[in-house]
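The structure appears below as structure tokens.
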Amino acid sequence: HSWGGNSPVPFGRVMRNGGERVELYVNVDRPIEDFYGDWTATHEFSHLMLPYVSPRNKWISEGFASYYQNVLMSRAGHYTAAEAWKKLSDGFERGRRSRPELSLNDAAEAGVRRARMKIYWSGAAIALLADVQLRERSGGRESLDTALDDLQRCCLPSTRTWSGPELFAQLDSFVEEPVFMPLYRRYANRAGFPDVAPALQRLGVEIDGTSARLREDAELAAIRDAISGRASQ
């Protein structure tokens, strides 16, 4: 993916022909400190949590990587929890405004250039909704992390293309009750953007101008902090 701008890693991609590898193009003139807070590598390596997904369902692969690029950067201490949730919330808003007349699948088929923000952030929204639902109903025993761990043990690396429904059905096979396919049926072919506002409210994520405030008295504050992996700085 070409990020351009002022990124110290302006381009990254995953290659799956003859094995799996991540290619990162770095600006060697930048100081090493600039790379610590850059999320490009985290995004690209997060793609390897999933098999190669059909282009029609590209929002799943790009969205899960966009979700984890923020979650993992927070868990590693490169973002504060508040920064990670602000970046997620900003992404969801960009996705909501991008091509609202298209469904997730139609946006993916239209191509990244025409609907890039919708593709990346609608999938991230689905990842958040699945993660919260799994953690809440299981008391923390299940999560998106555990489902992807099971997928890794079961089926990866994989040399073939998976459809979105095939992948989500496989993920549902690892959890007590289906979560992924119900979200797919609800949102994949419907115009608009997944409704994350109620989840963010219950998590206690409040956006105040240029920053996020994390409410300690929120209903799902413990789940929020488990996802971002750090106390709410």
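Here is a check on your reading of the model: is LEU144 out of contact with any strand residue (DSSP E or B) (no Cβ under 6 Å at 6 or more places or on another chain) and closer than 15 Å to VAL196 by Cα?
Criteria not met by LEU144.
Inside region 36-52, can you point out the residues that are farther than 23 Å from GLN170 by Cα and surrounded by fewer than 17 Cβ atoms within 10 Å (Cβ to Cβ)?
TYR36, GLY37, ALA41
When you look at MET181, is it within 19 Å of the chain's Cα centre (by Cα), farther than 25 Å from LYS87 by Cα and part of a helix (DSSP H, G or I), yes or no?
Taking the combined requirement at face value, the residue satisfies it.
Find the residue count for region 118-155, including only residues that are outside any helix (DSSP H, G or I), open to solvent by less than 30 Å² (accessible area, probe 1.4 Å) and not acidic (Asp, Glu).
1
How many residues are without any contact (Cβ under 8 Å) to a residue 12 or more places away in the chain, open to solvent by 40 Å² or more (accessible area, probe 1.4 Å) and part of a loop (DSSP other than H, G, I, E, B) when one looks only at region 1-18?
Summing the residues that are without any contact (Cβ under 8 Å) to a residue 12 or more places away in the chain, open to solvent by 40 Å² or more (accessible area, probe 1.4 Å) and part of a loop (DSSP other than H, G, I, E, B) in region 1-18 gives 4.
Quick check on GLU206: is it surrounded by fewer than 14 Cβ atoms within 10 Å (Cβ to Cβ), charged (D, E, K, R) and not in a helix (DSSP H, G or I)? First the steps, then the outcome.
Values: surrounded by fewer than 14 Cβ atoms within 10 Å (Cβ to Cβ): no; charged (D, E, K, R): yes; not in a helix (DSSP H, G or I): yes.
Here the answer is no, as GLU206 does not meet what is asked.
Is there a residue being of a type in the set (Ser, Thr, Tyr), open to solvent by 50 Å² or more (accessible area, probe 1.4 Å) and either within 27 Å of MET117 (Cα to Cα) or at pLDDT below 95 (or both) anywhere in region 163-175? Can you show your working first?
Taking region 163-175 first, the residues of a type in the set (Ser, Thr, Tyr) are 163, 173.
Within this subset, residues satisfying the condition of being open to solvent by 50 Å² or more (accessible area, probe 1.4 Å) are 173.
From what is left, the residues that are either within 27 Å of MET117 (Cα to Cα) or at pLDDT below 95 (or both) are none.
Looking for residues that are of a type in the set (Ser, Thr, Tyr), open to solvent by 50 Å² or more (accessible area, probe 1.4 Å) and either within 27 Å of MET117 (Cα to Cα) or at pLDDT below 95 (or both), one finds none in region 163-175, hence no.
Condition first: touching a His at 6+ places or on another chain (Cβ under 9 Å) and not in a loop (DSSP other than H, G, I, E, B). Now tell me which residues in region 25-55 satisfy that.
Within region 25-55, TYR36, THR40, THR42, HIS43, GLU44 qualify.
Need the failing condition index for LEU214 against (1) open to solvent by less than 10 Å² (accessible area, probe 1.4 Å); (2) aliphatic (A, V, I, L, M); (3) more than 15 Å from ALA125 (Cβ to Cβ), just the number.
Answer for LEU214: the failing condition is (1).
Within region 164-173, identify whether any single residue is more than 19 Å from the chain's Cα centre (by Cα) and assigned to a loop (DSSP other than H, G, I, E, B), and answer yes or no. Give the steps one after another, and end with the answer.
The first filter runs over region 164-173 and keeps only residues more than 19 Å from the chain's Cα centre (by Cα), leaving 173.
With assigned to a loop (DSSP other than H, G, I, E, B) added as a condition, the list becomes 173.
Scanning region 164-173 turns up at least one residue that is more than 19 Å from the chain's Cα centre (by Cα) and assigned to a loop (DSSP other than H, G, I, E, B).
Would you check which residues across region 53-80 are within 13 Å of the chain's Cα centre (by Cα), open to solvent by 10 Å² or more (accessible area, probe 1.4 Å) and of a type in the set (D, E, K, R) and list them?
The answer is LYS58, and nothing else.
Filter region 144-158 down to residues that are touching a residue at least 60 places away in the same chain (Cβ under 8 Å) and of a type in the set (S, T, N, Q), then give me how many there are.
Total satisfying the criteria: 2.
Cβ-Cβ under 8 Å, sequence separation 6+ or interchain: first residue in region 45-62 and farther than 20 Å from TYR187 by Cα, partner of a type in the set (S, T, N, Q) and surrounded by fewer than 21 Cβ atoms within 10 Å (Cβ to Cβ). Which pairs?
These pairs meet every condition: MET49/GLN152; PRO51/SER158; PRO51/THR161; TYR52/SER158; TYR52/THR161.
The values are calculated or read from the model by the stated rules, or taken from the named source; none is laboratory data. Note that this is a predicted model, so its numbers are computed, not measured. Glycine gets a Cβ as well: all are built from the backbone with ideal geometry, and neighbour counts include every protein chain shown. Note: accessible area is taken over every heavy atom of the protein model, side chains too, but ligands, DNA and RNA are not part of it. Shrake-Rupley method; radii C 1.70, N 1.55, O 1.52, S 1.80 Å.
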